[in-house]
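These notes concern the structure reproduced below.
The values are calculated or read from the model by the stated rules, or taken from the named source; none is laboratory data. As the structure is a prediction and not an experimental result, all values here were calculated from the model. All Cβ positions, glycine included, derive from the backbone under ideal geometry; neighbour counts span all protein chains shown. In case anyone asks, the SASA skips ligands and DNA or RNA and just uses the protein heavy atoms, side chains included. Shrake-Rupley method; radii C 1.70, N 1.55, O 1.52, S 1.80 Å.
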Amino acid sequence: MTGAARTAARGLAARRGAAFRLTVVLLLVALPLFLGPYPISALSRILAFALLAASLDLLTGYTGLASLGHAAYFGVGAYTAALIGIHLTPNAPVQLLAALAAGGIAAGLTGWVAVRTHGTFFLMLTLAVGEIVHQLADSWTSLTGGSNGLVGMPPITVLPGRPLVLAGFVYWYILAIFVLCYAVLRRITASPFGRTMRGVRDNEARMRAVGYDTARVKYVVYCIAGAVAGAAGSLWVAQTRFVSPADLSFEIAALVLLAVVIGGSGSLWGPCLGAALVLLVNDTLSSYVAGRGPLLLGLAFVAAVYLLPRGFAGLRGVRVHVRTRETGP
Amino acid sequence: MIAWLDANLVSILNGVAFGLLLFTLAVGLSLIFGMMDVLNLSHGALYLVGAYAAYRVVGEAGGSLGAFLLALGVAGVLGLAAGALLAGITQPLARRGHLHQALLTLGVALVVADLLSALFGDEVHSVAAPAGLRGSVRVLGHGYPAYRLFVIGVGLVLAALVYLLVERSRAGAVIRATVADRDMVQAIGVDTRKVLVGVFAFGTLLATCGGVLGGPILGAQPGLDDTVLILGLVIVVIGGLGSVKGAFFGALLIGQIQVLGVTLLPEYASFLLFGTMALILTLRPAGLAGTAARTAAPGSSG
Amino acid sequence: MTGAMTAELRLDDVSWHFGRVKAVDGVSLAVERGARHAVIGPNGAGKTTLFGVVAGTLRPSAGRVLVGGRDVTRLSEHARARLGVVRTFQHSSVFLSMTALDNVALAVQRVRGVGTRLWLPARRYVEVTERALGHLESVGLADRAGESAATLSHGERRQLEVAVALAARPRLLLLDEPTAGMSVEESSRFTDVIRELPVDVTVLVIEHDLDVVFRLASHVTVLHLGRVLADGTPEEVRDSEEVQRAYLGAADSSELFFSPEEERT
């Protein structure tokens, strides 16, 4: 293939990709016109969870740092948004920005210990850190309401004085923020820093040898991922209007990591699909299989590891790979 | 100082007992981690298996010392079997990396924990100390439960045994060499597979037996698996990878922080836990007793 | 003293101990600016460990490391790389999931200070791409720029590694067995690349292939059991009595230059 032909092909693929993305967004926008309030509120939660999964993908898929403590920053964002909603203002963008900042700061305060490690040690440290934050949410009763959680958060407003009570409006707000954050994450992965992240994932020693301060790179990614997770937390409470220590438990952290793994890490969209699947299955399990959710969830983990080693995105990747080989020289 | 010690003696002893209990869990985690780079997230669930075994065999009313030993035996067999099984299912995934192995053990943990709550319900079960260890003894003028002293004793003996096994025996030499440089040990032709399975089974055995031992202190209930797993992980982090000594001192430290810290500063318990971990990792990145071998040693010298 | 003034790299009594093993034991060494300096010796002589100490991967147990007269003993690896101390690894070490071009672009964007920009798409940094292509061209990989590093042959990966190292703007280039696994043509192309480097780039190379050593090196240091056994021009070292005495019984002193592993294969 000549350079010009390659560029043209890439241009075509990019246009096709953009058209596809636009279609998906338009479909998502149109959904409230067809669906009732219950499925729409479920979709809102899925979008918030998908954003959490995308933020974890930045860390796990792009930078090679699998974290079992990512729910902590999601929870910090959720608590921040809920506290602001209860005590200060129902204005959702204010809650969002505060949650973003809180998630980033929490990641900044706790992450510097973790980013000096890698591999299994990182997994273990993030798990410990996440669980400690979880305990904090449980025991700091005066602020968090303890194990009962925070109730009584008023409906959000986007424009002053107009509470969004209808599920569809809340959904549209959440969708807008989701698309915005997703676009930002996508942009970061395509930037030189995105290349730097992938370099750290592929070969950290080599990165240091060409002059990268890899611990700092990892720290920056950790803080960005924490901030976006915080934003996802604020989206979550915008819908549920309730937050409890369960929202930042180890189980959520494991679920979101499962979403990244079965979705296919390092693709952003794969983990979002994974998040949708994980949340749907989890909701279905907990409502139909009385109480035996964890059992089936555990089996799902085992099955996912054995059957989908590279996730949905991996399945697609294999197909694309075969196709390019067929059309190759 | 002496007055303070006197006032807090019971708490301090509780911390030692709790710490040694955690040691049984942490040392297995640490060795499995050091040997195989596998984070065994089912370790807490296996502890819980032991705790429920104690509940079933010894019971809430309390049984004889024989029943207690029987519970230990049952838990030991279960632990060995679980370890062999876990080693068997995680090894084929070794090439796919630590994340898949960890998720697999997490799946196992969820399954085991849920089966336990299906079998035993969600309520809190207590386990009585075996006959002969039920009363209290006087320690420096304070009444103290005999069973906890027993746990301290058993924990110390266990720590010494594990230390001798790992640091002084022939199998231990392979274990230590593998922890320091896995590639090299494989490169010089030592068949590490048997040792790997052995260490895995030994680690899970310690976890289930720890559950029996801890039954009369912590009881058996859903959620306990996560609590002990996290504390075990923190101990491994601060103790250092694959180090028996590190796990021992780390466990004693965390035991004190959990018991004494919660008694003195209940509001700040989780800050204390994170603070300790952060402080130790800042001062000694490889943990209390860790060497920087894994990260610093060259693969081979030219 | 004048030698010390112009030394690009100076090691003062450097040791690196691991437990009771003294992998590097009191090595002193001066590498002239612009030199093509080879380090040879059998396996286990401490060559790679010495590289680790120079590059900053390993903290020496004792002694000092000076680069361009500056004490860098306490500097981290990446800080030394920023000063121009750039190493390659014994086992080819590239970024496997990326294209050859992206591999080199990583080093280029770091040197140009744009490696942490996270807003504009990477392809908009045209000068990074162009420079990266230039480095690929210099090692003969220009036509492989768009290929994934995972699909390159072993020899090509080694060349790619050299391109990455060159793109990191080295003043002291540390090459650990660069020609291992290269074909004859690749190896001779590699020596050309090194010879064509600007004179102010100092090269320290660990090499088993004596042909390459003699074609390339202006100076040779022989390491044995963590110590310097001999030091001088290639001819001096080859004729050195000490080297031969240490290997008494070896029919040919050149045997010491080959690792046992290599003879097996």
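Could you rank C:Glu77, B:Glu167 by how accessible they are, 1.4 Å probe, largest area first? Could the numbers behind the result be given before it?
Working: C:Glu77 15, B:Glu167 50 Å².
So, going from the largest accessible area down, we get B:Glu167, C:Glu77.
In degrees between 0 and 90, to the nearest 10, how far off the longest principal axis of chain B does helix B:192-218 point, with axes built from Cα atoms? That helix lies at roughly 10 degrees to the long axis.
Label positions at B:Ala177 and A:Ser287, each projected 7 Å from the Cα along the C-beta direction, are separated by 5.9 nm.
Dipole orientation for chain C: of the candidates C:Val205, C:Leu216, C:Val104, C:Val104 has the Cα lying most toward the positive pole (charges on Cβ; Lys, Arg +1; Asp, Glu -1).
Comparing C:Asp239, C:Asp12, C:Asp25 in a Gaussian network model of chain C where C-alpha atoms under 10 Å apart are linked, the largest mean-square fluctuation is found at C:Asp239.
Spatially, segment B:91-159 and segment A:11-37 are offset by 51 Å when compared through their Cα centroids.
From Cα pairs below 8 angstrom and at least 6 apart in sequence, can you work out the relative contact order of segment B:12-300, rounded to a whole percent? Intermediate values should be presented prior to the final figure.
Working: 490 pairs, mean separation 106.0, N = 289.
Worked out over segment B:12-300, it gives 37 percent.
Using unit Cβ charges (K, R positive; D, E negative) and no other charged atoms, how large, in debye to the nearest 20, is the dipole of chain C about its Cα centre?
It comes to approximately 1500 debye.
Note on the protein assembly as shown: dipole from Cβ charges, positive end direction compared against B:Leu104, C:Leu174, B:Ser243; the farthest Cα belongs to B:Leu104. Using C-alpha pairs below 8 Å separated by at least 6 residues, the relative contact order for segment A:1-134 is 25 percent. Summing Lys and Arg as +1 and Asp and Glu as -1 over all other residues whose Cβ lies under 14 Å from the Cβ of B:Leu164 gives a net charge of +3. What does the net charge come to around A:Ile156 if you take all other residues with beta carbon closer than 11 Å to its beta carbon, with K and R at +1 and D and E at -1? Residues near A:Ile156 contribute +2 overall. For C:Ala38, the residues whose modelled amide H falls within less than 5 Å of its own, excluding neighbours fewer than 5 places apart on the same chain, are C:Val205, C:Ser218, C:His219, C:Val220, C:Thr221.
With a Förster radius of 41 Å applied to the beta-carbon distance between A:His87 and C:Ala79, the computed FRET efficiency rounds to 0.35. Report the Cα centroid-to-centroid distance between segment C:203-243 and segment C:99-136 in angstrom, as an integer. Result: 37 Å between the Cα centres. Carbon-plus-sulfur accessible fraction, segment A:31-249 (probe radius 1.4 Å, protein heavy atoms only): 69%.
From the P(r) of segment C:1-147, could you give the percentage of C-alpha pairs in the tail past 28 Å? Show your work: numbers first, answer last.
On the way: 3699 of 10731 pairs.
Tail of P(r) above 28 Å: 34 percent of Cα pairs.
By the rule of a C-alpha distance below 17 Å, with chain neighbours fewer than 8 residues away ignored, the lysines paired with C:Lys47 are C:Lys22.
Tilt of helix A:269-288 relative to the longest C-alpha principal axis of chain A, in degrees (0 to 90, nearest 10)? With rounding to tens, the tilt is 40 degrees.
Placing unit charges on the Cβ atoms only, positive for Lys and Arg and negative for Asp and Glu, gives segment A:1-136 a dipole magnitude near 620 debye about its Cα centre. Annotation: amide H of A:Leu164 within the under-5 Å range of A:Ile156, A:Thr157, A:Val158, sequence separation 5 or more or interchain, hydrogens built in the peptide plane. What shape does chain A take by its C-alpha gyration tensor, where a ≥ b ≥ c are the square roots of the eigenvalues and a/c under 1.5 counts as rounded, a/b above b/c as prolate, and the rest as oblate? Prolate, because a/c is 1.5 or more and a/b exceeds b/c.
Kindly compute the accessible surface that chains B and C hide from a 1.4 Å probe when together, both sides summed, and give it to the nearest 100 Å².
On the way: alone 14280 and 13400 Å², together 27000 Å².
Buried surface at the B/C interface: approximately 700 Å².
Two numbers describe the Cα atoms of the protein assembly as shown: Rg and Dmax, which are 30.0, 95 Å. Relative contact order of chain A, taken over Cα pairs closer than 8 Å and 6 or more residues apart, is 31 percent.
The 1.4 Å probe gives accessible areas that order A:Trp269, A:Trp236, largest first, as A:Trp269, A:Trp236.
Would you mind calculating the gained length between A:Leu33 and A:Val165 on full extension (0.36 nm times residue separation, minus the Cα-Cα distance), in nm to one decimal?
Working: separation 132, 0.36 × 132 = 47.52 nm, distance 1.60 nm.
Length gained, A:Leu33 through A:Val165: 45.9 nm.
Based on the Cα atoms of chain C, what semi-axes does the equivalent ellipsoid have, where each is the square root of 5 times one gyration tensor eigenvalue, given in whole Å with the largest first? Mind dumping the intermediate values first?
Working: eigenvalues 204, 95, 53 Å².
That gives 32, 22, 16 Å for the three semi-axes.
Put a dot 7 Å past the Cα of C:Thr233, heading toward its Cβ, do the same for B:Ser169, and the two dots end up 6.2 nm apart. Calculated accessible area for segment B:12-300 comes out at 39 Å² per residue, all protein chains present (probe 1.4 Å; ligands, DNA, RNA ignored). Simple spin-label estimate for C:Arg20 and B:Ser64 gives 5.2 nm between the two label positions (7 Å along the Cα-to-Cβ direction from each Cα).
Placing +1 on the Cβ of every Lys and Arg and -1 on the Cβ of every Asp and Glu, with nothing else charged, gives the protein assembly as shown a dipole about its Cα centre of roughly 1760 debye. Residue-wise HN-Hα couplings along segment B:161-166, as the Karplus relation 6.51 cos²θ - 1.76 cosθ + 1.60 with θ = phi - 60° gives them from phi, are 4, 4, 4, 4, 4, 7 Hz; Gly and Pro carry x.
Based on protein heavy atoms only, chain A ends up with 41 Å² per residue of surface accessible to a 1.4 Å probe. Using protein chains only (no ligands, no nucleic acids) and a 1.4 Å probe, work out which residues of segment C:54-79 have their accessible area cut by at least 50 Å² relative to the chain alone. In segment C:54-79, residues shielded by partner chains: C:Glu77, C:His78.
Ignoring ligands, DNA and RNA and using a 1.4 Å probe, state the total buried accessible area between A and C in Å², rounded to the nearest 100.
Working: alone 16810 and 13400 Å², together 27530 Å².
Buried area (both sides, nearest 100 Å²): 2700 Å².
For chain C, the longest principal axis of the C-alpha atoms and the axis of helix C:154-167 are separated by about 80°. Rg/Rh for segment B:126-282 (Cα atoms only, Rh after Kirkwood) is 1.02. Converting phi to 3J(HN,Hα) with the Karplus coefficients 6.51, -1.76 and 1.60 and the offset θ = phi - 60°, segment A:74-82 yields 4, x, 4, x, 4, 5, 4, 4, 5 Hz in sequence order, with x at every glycine or proline. Heavy-atom accessible surface of A:Phe49, to the nearest 10 Å², is about 0 Å², with a 1.4 Å probe and all protein chains retained.
Of the residues in segment C:88-118, those shielded by at least 30 Å² of accessible area once partner protein chains are present, compared with the chain alone at a 1.4 Å probe, are C:Phe89, C:Ser93, C:Phe95, C:Ser97, C:Met98, C:Asp102, C:Leu106, C:Gln109, C:Arg110, C:Gly115, C:Thr116, C:Leu118.
Net charge in the neighbourhood of C:Val128 (other residues with Cβ under 12 Å of its Cβ; Lys, Arg +1, Asp, Glu -1) is +4.
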